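Comments concern the structure below.
The values are calculated or read from the model by the stated rules, or taken from the named source; none is laboratory data. These numbers were taken from a predicted model, which means no experiment stands behind them. When we count neighbours, we look across all protein chains shown, and the Cβ atoms used for this are built from the backbone with ideal geometry, even at glycine. SASA here: full protein model, heavy atoms, side chains in, ligands and nucleic acids out. Shrake-Rupley method; radii C 1.70, N 1.55, O 1.52, S 1.80 Å.
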2 protein chains.
Amino acid sequence: MNTAQKLLVDVHTHVYLPRYAQLLRSRTTAPRILTRLSGPDNKPEERLVILDNEPSGGRPVGAQYWDRDEKLAFMDKHGIDISIVSSANPWLDFLPASTARSLANELNDDLESYCSTSPIIAETRRKRLYGFGLLPLVPEITTESLLDTVQQIAALPHLKGIIMGTRGVGKGLDDEALDPVWAAIEKAGLVVFLHPHYGVDSKQWGEKDNGHVLPLALGFPFETTIATTRLILSGVFDRFPALRMLLAHSGGALPQLSSRLASCIDHDPVVASRLKHDARYYLGRLYYDAVAYGSAELRFVSDVIARSDSYSSTAASADSHVAPKLGSAQMMWGTDHPFFPPLSNTEKWKSVVENLDAITGVKEWTQEEKDGVRGGNALSLFNL
Amino acid sequence: MNTAQKLLVDVHTHVYLPRYAQLLRSRTTAPRILTRLSGPDNKPEERLVILDNEPSGGRPVGAQYWDRDEKLAFMDKHGIDISIVSSANPWLDFLPASTARSLANELNDDLESYCSTSPIIAETRRKRLYGFGLLPLVPEITTESLLDTVQQIAALPHLKGIIMGTRGVGKGLDDEALDPVWAAIEKAGLVVFLHPHYGVDSKQWGEKDNGHVLPLALGFPFETTIATTRLILSGVFDRFPALRMLLAHSGGALPQLSSRLASCIDHDPVVASRLKHDARYYLGRLYYDAVAYGSAELRFVSDVIARSDSYSSTAASADSHVAPKLGSAQMMWGTDHPFFPPLSNTEKWKSVVENLDAITGVKEWTQEEKDGVRGGNALSLFNL
């Protein structure tokens with residue numbers, strides 16, 4: 001094993017680029033950054049409010065959300081060699097089409113510069129920062145604008161993929177209007193990073209004050225699960241077999257619900273004959289961050305990937321001697337930085353340590369598999 | 001191992017008792033049973049519509065939904081020795097308090113008679129049918145009505161628990177108004193079977209016609225996950241440590257999201273100090289049906305139960321040599337009959353075979369553990 005394969009790579013780490021943070025400061029409705037006086041000495045504090053009716057009046061934000069030096073300092077502190085940085089939600093979702101298009105182009109250029117001027121890891125000649133670009137995925141955008149922006153991103157050498165929410169151009173990601181976009185992304189070899197923002201209807205959370213726990217712990221992964229399931233049901237993965245998609249938060253609830261999903265499809269006359277394969281096959285076509293905070297969860301996701309080939313419509317019983325897929329090879333570590341800051345001063349961030357310990361704790365993975373999840377798999381997927 | 005431990009027991013099997021089906025036929029809004037003309041020869045067909053705007057105009061229903069002979073014939077066909085039958089959703093949720101109270105009492109008596117007059121399994125002297133009763137959990141019901149109905153159920157010898165939706169008396173199950181009810185159920189030793197009905201806001205499913213797949217495959221387990229998480233966050237399991245709760249559909253997405261939940265709690269000042277234990281501890285306090293349709297899913301749920309003791313606040317590192325819980329001992333087989341009928345004529349129902357094969361396929365379980373999940377664990381939990 002060479003040094004490169006032992007790098008620690010963070011595929012789930014966010015930034016609000018300065019140009020974007022300025023836009024949020026100029027707004028009077030969510031998403032916005034507001035300043036309020038706080039604490040015993042009434043110090044001004046910036047708070048980020050990304051959803052209407054957000055619990056706890058949003059959350060405190062500071063330089064770690066936009067300053068590149070803070071990102072690099074965080075990486076140094078935790079031994080992270082490379083970060084593949086993505087804009088944080090809600091991206092451009094709230095903007096009119098004209099603004100979204102121009103801002104996407106500017107932010108993609110900003111992120112390319114953020115990455116291209118980052119330090120080099122001497123022995124590998126790799127940069128420390130790479131990025132996911134943005135598409136202006138908003139209602140009334142033209143397909144041409146989307147395709148032009150895919151081309152812009154593909155031409156920026158440090159951008160290796162596209163981060164994407166779940167709304168598409170207003171009707172979700174199972175909208176056929178997006179087929180030319182999937183085709184262009186597939187052709188360009190960019191990785192789609194599917195990430196939640198909206199959760200589900202907040203009435204579900206009840207009247208008690210549980211802070212951000214329910215929307216973050218449940219709403220976020222539910223949204224990713226719904227979006228991915230709708231993509232499967234719409235046949236996107238049948239039509240674009242080489243499209244590479246990375247799911248945030250280890251695919252949310254999709255792995256645990258995937259056999260139920262397959263059974264529900266089999267029992268429903270509307271969809272029973274629609275797809276090429278059993279629903280579980282498609283889970284093996286996807287990539288998963290390892291942001292699940294527990295070893296049992298990670299091991300389970302790798303099992304669900306590993307079994308997927310047996311659910312191909314072309315899987316013959318004669319194939320049963322074929323070795324299953326190595327599930328862990330499609331999983332890769334992330335931190336969700338700068339979210340989940342520790343509540344008290346700690347040497348290292350608990351969320352970072354938890355997600356590393358989760359990998360270490362998977363008894364069924366070899367050391368080589370663990371090294372892959374820590375970094376090698378990301379180097380392969382993003383062709384770094 | 002004696003014969004009793006080898007019985008096949010179905011803990012997740014539903015009935016619309018004749019009295020309840022008649023009520024549904026009398027209604028003009030959902031939930032209702034309507035008759036429409038169908039097929040080339042315009043034959044009248046009864047259809048069950050349980051939600052407003054239900055996809056595909058509801059589903060066809062027939063005698064298997066209410067006729068006890070059909071239940072017993074289904075059991076015979078599939079080798080099921082004992083079924084613990086529960087009323088199907090939406091129970092009494094849509095009724096005014098006065099009607100709900102009297103109907104709950106009548107339906108509990110009906111179900112007792114349905115079970116008490118069922119055949120005896122000769123060598124064990126057990127009946128073939130037991131049941132979950134109903135509480136009139138609707139807004140404006142008095143606590144006294146609820147407590148009286150708990151006592152009614154506790155006094156009916158063939159009713160072993162209570163099936164319950166997620167709305168409580170209007171504010172969900174984390175409502176302190178329910179504390180006397182939990183206390184009474186705990187004291188009576190009845191098992192709560194937590195079952196979904198509402199899913200999440202159907203706007204999430206988009207505009208495409210995917211039949212019932214999204215609300216059933218995702219919405220149902222999401223609802224159970226939310227309700228159980230809210231119960232954990234409200235401290236119900238801290239206040240009622242002997243309360244026994246069985247989660248439908250293997251706990252939905254809760255096992256896969258439980259480490260994320262624990263991390264979100266740890267990182268949120270509103271809730272970080274509220275609970276006695278790490279969130280993952282409480283998952284080991286719960287029981288899970290094995291209605292997950294896949295072996296990897298079942299094995300994962302048993303892992304999540306097994307690890308739970310290590311998340312007790314009193315778990316010392318000195319305890320690390322203590323054997324973990326046997327996770328499978330808190331899991332038990334179910335069919336969800338009469339839902340998920342096969343689309344074509346088959347010898348046995350696919351959903352039944354899938355859930356049995358899922359148990360057989362868990363390589364990490366011993367034969368004794370598999371026998372437990374197939375029946376022995378239910379005999380213990382329900383003290384049959």
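Structure values in brief
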quantity	calculated
Residue check, A:Leu356 surrounded by fewer than 16 Cβ atoms within 10 Å (Cβ to Cβ) and out of contact with any Ser or Thr (no Cβ under 8 Å at 6 or more places or on another chain)	no
So B:Ile121, is it within 24 Å of B:Asp201 (Cα to Cα) and among the β-branched types (Val, Ile, Thr)	no
3 or more residues over 21 Å from B:Phe220 (Cα atoms): qualifying strands (runs of 3 or more DSSP E) within region B:17-93	B:32-38, B:43-49
Tabulated pairs, region A:171-182, first of a type in the set (D, E, K, R), second open to solvent by 30 Å² or more (accessible area, probe 1.4 Å) and in a loop (DSSP other than H, G, I, E, B), C-beta under 7 angstrom, 6+ apart or interchain	A:Lys171/B:Gly206; A:Lys171/B:Glu207; A:Asp174/B:Gly206; A:Asp174/B:Lys208; A:Asp175/A:Val169
So B:Glu112, is it within 29 Å of B:Gly376 (Cα to Cα), not β-branched (Val, Ile, Thr) and not in a helix (DSSP H, G or I)	no
Neighbours by Cβ (under 7 Å, 6+ apart or cross-chain): first from region A:96-113, within 19 Å of A:Leu147 (Cβ to Cβ) and without any contact (Cβ under 8 Å) to a residue 60 or more places away in the chain; second surrounded by 15 or more Cβ atoms within 10 Å (Cβ to Cβ) and among the β-branched types (Val, Ile, Thr)	A:Ala97/A:Val138; A:Ala97/A:Ile141; A:Ala100/A:Val138; A:Ala100/A:Ile141; A:Arg101/A:Ile141; A:Ala104/A:Thr149; A:Asn105/A:Thr149; A:Asn108/A:Ile153
Any chance B:Ala272 is in contact with a helix residue (DSSP H, G or I) (Cβ under 9 Å, 6 or more places away or on another chain) and at pLDDT below 95	yes
Only one of B:Lys276, B:Lys325, B:Lys350 that is of a type in the set (Lys, Arg), within 12 Å of another protein chain (Cβ to nearest Cβ) and open to solvent by 10 Å² or more (accessible area, probe 1.4 Å)	B:Lys350
Residue, nearest to the chain's Cα centre (by Cα), within region A:229-249, restricted to residues that are farther than 23 Å from A:Arg299 by Cα and within 9 Å of another protein chain (Cβ to nearest Cβ)	A:Arg230
Number of the condition not met by A:Pro341 [criteria: (1) at pLDDT 95 or above; (2) open to solvent by 30 Å² or more (accessible area, probe 1.4 Å)]	(1)
Subset tally (residues that are closer than 30 Å to B:Leu8 by Cα and out of contact with any helix residue (DSSP H, G or I) (no Cβ under 7 Å at 6 or more places or on another chain)) for region B:129-156	3
Any hit, region B:287-310, residues being within 25 Å of A:Asp209 (Cβ to Cβ) and either buried (at least 23 other Cβ atoms within 10 Å of the Cβ) or modelled with pLDDT under 95 (or both)	no
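Rundown of residues vs (1) free of Cβ contacts under 8 Å to residues at least 60 places away in the same chain; (2) over 16 Å from A:Cys115 (Cα atoms), yes/no style:
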site: A:Leu7; (1), (2): no, yes
site: A:Asp10; (1), (2): no, no
site: A:Leu17; (1), (2): no, no
site: A:Leu23; (1), (2): no, yes
site: A:Ser26; (1), (2): yes, yes
site: A:Thr35; (1), (2): yes, yes
site: A:Glu46; (1), (2): yes, yes
site: A:Asp52; (1), (2): yes, yes
site: A:Gly58; (1), (2): yes, yes
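Listed here are the residues, each with its yes/no results for (1) touching a strand residue (DSSP E or B) at 6+ places or on another chain (Cβ under 8 Å); (2) in contact (Cβ under 8 Å) with a residue 40 or more places away in the chain; (3) within 8 Å of another protein chain (Cβ to nearest Cβ).
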position	(1), (2), (3)
B:Gly251	yes, yes, no
B:Pro269	no, no, yes
B:Gly294	no, yes, yes
B:Arg307	no, no, yes
B:Tyr311	no, yes, no
